[in-house]
Amino acid sequence: MDKAIDKTSCIFVAGHRGLVGSAICRRLMAAGFTNLLVRTHAELDLCDARAVDLFFGKQRPEYVFLVAAKVGGILANSTYPADFLRENLAIELNVIESAWRHGVKKLQFMGSSCIYPKMAEQPIREEYLLSGPLEPTNEWYAIAKIAGIKLAQAYRHQYGFSAICLMPTNLYGPYDNFDLQRSHVLPALIRKFHEAKKLGMPEVVVWGSGTPRREFLHVDDLADAAVYLMHHYDDGMPLNVGGGTDITIAGLAALIGKTVGYEGKIVWDGTKPDGTPRKLLDVSRLNALGWTAGIHLEQGIASTYEWFVNSRWVEKGASSMATHQSA
Ligand SMILES: NC(=O)c1ccc[n+]([C@@H]2O[C@H](COP(=O)([O-])OP(=O)(O)OC[C@H]3O[C@@H](n4cnc5c(N)ncnc54)[C@H](OP(=O)(O)O)[C@@H]3O)[C@@H](O)[C@H]2O)c1
């Protein structure tokens, strides 16, 4: 199963500018890979089958990290269901088809833990896939990701195509999306607490009851696992990727408040959805392959906050928080 990948191999990272894609590029370069192939969304729209096939025919990459996707939080998913289903299905089909057709040696598809049933037994094992109803607020995206897994399995079954599928838990880190309308919970909380501290606000309002439990993995850990598994995993079964521990949203909010140095009150808005009560992945199969997470949540949040305060998000920050509060 262990196949050393030549450091000069041509490796296409689809979605290289996003949270995950940029971390995988950093990890590959740190590991000495010199021949990374990347295209921005504007240069190559992965929803365009013809353009994708021409690209693969011309560039002939040997390995592919398929991490490009239309990604977003609860609000974006429930507002734009057709876009989330159509675009993610198109990206997966176009890239997997052209990768196989043009002789790619191995492709890694990045799924997400939202593929599992809403009320799955915890921690969630890979075998629980398609064993119950999905979380309604992001089912469109989840169905597209499940279709991606089935595509990879079908191409492996029919053509012996070496495609593997990773199911990461909630990710966070540098280059994340801190737009309060579209972001996930962790970057949203970092921004809210930072702006509340800057503006001297007496309280921060957080969505939900604070009781749901969530697992978070730093994206550099995910990238390390992704590169490790490209070498050490070659099976049709999707593989969970996580740290194996979770925290309540209330605990997360308190940790971020402390990291930012915010001393005001946290107020819970119970009118907003909590989503799934708990989502913790079983990572025993991953650990049995010799990989475990290395970045602890407290340390990861501290370095992400440091990245955030030096990022482009801060300048814009002050004004949008003001508008956010008044809305
Ligand atoms: N973030 C998480 O917590 C999380 C958790 C589990 C799994 N994942 C998985 O990880 C993968 C990457 O997520 P992410 O958080 O890194 O998302 P992200 O930051 O939004 O990055 C996605 C990248 O894909 C590109 N892209 C989207 N549609 C495209 C298209 N039609 N053609 C070309 N490029 C396109 C985007 O470019 P533009 O921005 O220019 O459109 C962006 O650079 C996804 O498959 C997601 O399911 C993420």
One residue is enough: does the range 113-131 have a residue meeting the conditions within 12 Å of the ligand (Cβ to nearest atom) and under 20 Å from residue 41 (Cβ atoms)? no
So if I check each of 66, 44, 89, which one is in contact with a helix residue (DSSP H, G or I) (Cβ under 6 Å, 6 or more places away or on another chain), without any contact (Cβ under 8 Å) to a residue 12 or more places away in the chain and within 12 Å of the ligand (Cβ to nearest atom)? 44
Within the range 94-107, the residues that are away from the ligand (no atom under 11 Å from the Cβ) and crowded, with 18+ Cβ neighbours inside 10 Å are 96, 98, 99, 100, 104, 106, 107
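Would you mind stating whether residue 51 is open to solvent by 20 Å² or more (accessible area, probe 1.4 Å), modelled with pLDDT of 95 or more and in a helix (DSSP H, G or I)?
Here the answer is yes, as residue 51 does meet what is asked.
Can you pull out the residues in the range 140-162 that are away from the ligand (no atom under 14 Å from the Cβ) and either in contact (Cβ under 8 Å) with a residue 40 or more places away in the chain or in contact with a His (Cβ under 6 Å, 6 or more places away or on another chain) (or both)? Full working, then the answer.
Let us first name the residues in the range 140-162 that are away from the ligand (no atom under 14 Å from the Cβ), namely 150, 153-162.
Result: 153, 155, 156, 157, 159, 161, 162.
The values are calculated or read from the model by the stated rules, or taken from the named source; none is laboratory data. Everything numeric in this text was worked out from a predicted model, so none of it was measured. Here the Cβ is made from the backbone with ideal geometry for all residues, glycine too, and neighbour counts use every protein chain on show. For accessibility, only protein heavy atoms count, side chains too; no ligands or nucleic acids. Shrake-Rupley method; radii C 1.70, N 1.55, O 1.52, S 1.80 Å.
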